[in-house]
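The values are calculated or read from the model by the stated rules, or taken from the named source; none is laboratory data. Fair warning: this is a prediction, and the values are worked out from it, not measured in the lab. Glycine gets a Cβ as well: all are built from the backbone with ideal geometry, and neighbour counts include every protein chain shown. Just so you know, the surface numbers come from the protein's heavy atoms only, side chains and all, with ligands and any DNA or RNA stripped out. Shrake-Rupley method; radii C 1.70, N 1.55, O 1.52, S 1.80 Å.
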Amino acid sequence: MTEPSTLEQSRLLRTPLPGPRSQELMARKVAAVSQGVATTMPVFAARAAGGIVEDVDGNRFIDLGSGIAVTTVGSSAARVVDAVADQVAAFTHTCFMVTPYEGYVAVAEQLARLTPGDHEKRTALFNSGSEAVENAVKIARSFTGKDAVVVFDHAYHGRTNLTMAMTAKNMPYKHGFGPFAGEVYRAPMSYPFRDAAEIDGKLAAARATSLIETQVGAENLAAVVIEPVQGEGGFIVPAPGFLSALAEWCRANDVIFVADEVQSGFGRTGTWFAVEHDDVVPDLVVSAKGIAGGLPLSAVTGRADVMDAVHPGGLGGTYGGNPLACAAALAVIETIEAEDLLTRARAIEERLLGRLRDLQASDPRIGDVRGRGAMIAAEFVDPATGDPDGAVAKAVAAYAHSQGVITLTCGTWGNVIRFLPPLSISDELLDEALDVLTTALEETK
Ligand SMILES: Cc1ncc(COP(=O)(O)O)c(C=O)c1O
């Protein structure tokens, strides 16, 4: 097997940020790339491995973002590198719809094994999370013969036309891009930090299903699509019982329950899929991001009767289930199992939650600390009012960036800092990143 990367696992700032080479590249980017494609960091990557991203000036950053929850097994993980190298030498593309190949089928078999439930399942592979979410809706419509789709407040499902309609936040995802696809309805989410204390999971689900019944009608509804832990919306973990009550309502009303596990799936929360924390078995599960270690791949996996309701040729796409991405996905699954990364995700949860709760105890601007596994967040508020404070989150993240720690913000109000380290990060790097965050909080008081 390929030797593990030699990229040194330490933070290092060799130049002021951004360094000269990154500045040159940024000038080229501005001249050549649409400003619609913005970047979080002003530095350009040269290498990445373990818990470190090295830039083109030799600066080394602690990675708390994993390229937005993608490199869960680490960037350029040894098994992934080997599998992709072997595959690229064998063939790069034939199109599964023209001349099929084993890797695609093997990924589908693995997804049948790993997704919740022991019923008969089928899978279809695509390229991006958005594309897979769109296809989950197509499949649910085809099976039920119904049109409407229900999504939730704070949801993020992508940037294509249908998934923009499903995404909640206007700026930057939707602003100026309408008109959006029809028959998409939004229901209230369970948001324990912001809900009244008496709204437990069951009540929050009743609040949502009552709105669905009165404003949509179960007889018109094809699917309820939900992120079991919301991602871009602020790492919102619904109250216990919310997801299971929704799933039960869907079952009773012939509505397809779709878990969008694009961000929360593939080991990120310490289980293969985040719905497992609530013992929910979705009809369809959408995977992407962490599934293939950085190669573009996404999947819809679910009940065989639902998946097979679509006529032959109704699903697909030129690149869907590309052989390189399938080889990478099989290597990711092997890596998660061989290195027991689900346990590692739970250990990261304990470490991050512990440190962040300590910080929260002495800093009232941290209103809430939450999350599962290596998907953890701190929500910032104005201590006087409890209102969201996006400016503090932005300032804390900017300080961390300046000190060589890649952090991302999220949330409807941009007031949440999220922690999404690769599971290959060391405890030492995690601790160091949290030390930087501690200083960032001091510096922004
Ligand atoms: C929950 C969720 N669904 C869908 C998407 C869209 O995935 P992609 O960016 O691969 O299209 C994302 C991306 O962040 C996501 O977090």
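Within region 46-66, can one find any residue that is in contact (Cβ under 8 Å) with a residue 40 or more places away in the chain, assigned to a helix (DSSP H, G or I) and open to solvent by less than 60 Å² (accessible area, probe 1.4 Å)?
For region 46-66, residues in contact (Cβ under 8 Å) with a residue 40 or more places away in the chain, assigned to a helix (DSSP H, G or I) and open to solvent by less than 60 Å² (accessible area, probe 1.4 Å): present.
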Could you look through region 253-273, keep only residues that are more than 12 Å from the ligand (Cβ to nearest atom), of a type outside the set (S, T, N, Q) and open to solvent by 10 Å² or more (accessible area, probe 1.4 Å), and pick out the one that is nearest to SER424 (Cα to Cα)?
TRP272
With respect to THR6, determine if the residue is within 22 Å of ILE417 (Cα to Cα), open to solvent by 30 Å² or more (accessible area, probe 1.4 Å) and of a type outside the set (A, V, I, L, M).
no
Within region 96-114, count every residue that is touching a residue at least 60 places away in the same chain (Cβ under 8 Å) and either closer than 19 Å to HIS311 by Cα or within 16 Å of the ligand (Cβ to nearest atom) (or both).
3
For region 159-171, does any single residue satisfy the condition of being surrounded by 24 or more Cβ atoms within 10 Å (Cβ to Cβ) and away from the ligand (no atom under 15 Å from the Cβ)?
no
With the structure loaded, tell me whether VAL80 is aliphatic (A, V, I, L, M), at pLDDT 95 or above, more than 22 Å from GLU432 (Cβ to Cβ) and in a helix (DSSP H, G or I) or whether it fails that test.
yes
In region 236-264, anything out of contact with any helix residue (DSSP H, G or I) (no Cβ under 7 Å at 6 or more places or on another chain), under 24 Å from ASN135 (Cα atoms) and not basic (Lys, Arg) is listed as ALA247, GLU248, CYS250, ALA252
Please list, ordered by first then second residue, the pairs with beta carbon atoms under 8 Å, 6 or more apart or interchain, first in region 119-145 and touching a residue at least 24 places away in the same chain (Cβ under 8 Å), second in a loop (DSSP other than H, G, I, E, B) and of a type in the set (Ser, Thr, Tyr).
LYS121/THR115; ASN127/TYR319; SER130/THR160; GLU131/THR160; GLU134/THR160
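Could you tell me whether region 104-119 includes any residue that is over 17 Å from GLU334 (Cα atoms) and in a helix (DSSP H, G or I)?
Among the residues of region 104-119, not one is over 17 Å from GLU334 (Cα atoms) and in a helix (DSSP H, G or I), which makes the answer no.
Out of ALA38, ALA27, ALA85, ALA89, report the one residue that is among the hydrophobic types (A, V, I, L, M, F, W, C), exposed (fewer than 15 other Cβ atoms within 10 Å of the Cβ) and assigned to a loop (DSSP other than H, G, I, E, B).
Values: ALA27 fails: assigned to a loop (DSSP other than H, G, I, E, B); ALA85 fails: assigned to a loop (DSSP other than H, G, I, E, B); ALA89 fails: assigned to a loop (DSSP other than H, G, I, E, B).
Residue meeting the stated conditions: ALA38.
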Residues satisfying the stated conditions in region 274-307, i.e. assigned to a helix (DSSP H, G or I), open to solvent by 10 Å² or more (accessible area, probe 1.4 Å) and within 14 Å of the ligand (Cβ to nearest atom):
LYS289
Just a yes or no: is a residue in region 214-230 in a loop (DSSP other than H, G, I, E, B), open to solvent by 20 Å² or more (accessible area, probe 1.4 Å) and either within 19 Å of SER66 (Cα to Cα) or free of Cβ contacts under 8 Å to residues at least 12 places away in the same chain (or both)?
no
For residues in region 390-399 being within 23 Å of the chain's Cα centre (by Cα) and open to solvent by 40 Å² or more (accessible area, probe 1.4 Å), which is farthest from PHE193 (Cα to Cα)?
ALA398
For a quick check of your reading of the model, give me the residue pairs whose first member lies in region 259-280 and is without any contact (Cβ under 8 Å) to a residue 60 or more places away in the chain, whose second is away from the ligand (no atom under 16 Å from the Cβ) and of a type in the set (S, T, N, Q), with beta-carbon atoms closer than 8 Å and at least 6 apart or on different chains.
ASP278/SER244; ASP279/SER244
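Residue-by-condition table, conditions (1) open to solvent by 40 Å² or more (accessible area, probe 1.4 Å); (2) out of contact with any Ser or Thr (no Cβ under 6 Å at 6 or more places or on another chain); (3) free of Cβ contacts under 8 Å to residues at least 24 places away in the same chain:
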| position | (1), (2), (3) |
| --- | --- |
| HIS401 | no, yes, no |
| LEU408 | no, yes, no |
| GLY414 | no, yes, no |
| LEU423 | no, no, no |
| GLU443 | yes, yes, no |
So which of ARG194, ARG207, ARG141, ARG186 is more than 13 Å from the ligand (Cβ to nearest atom), open to solvent by 30 Å² or more (accessible area, probe 1.4 Å), within 23 Å of THR318 (Cα to Cα) and modelled with pLDDT of 95 or more?
ARG141
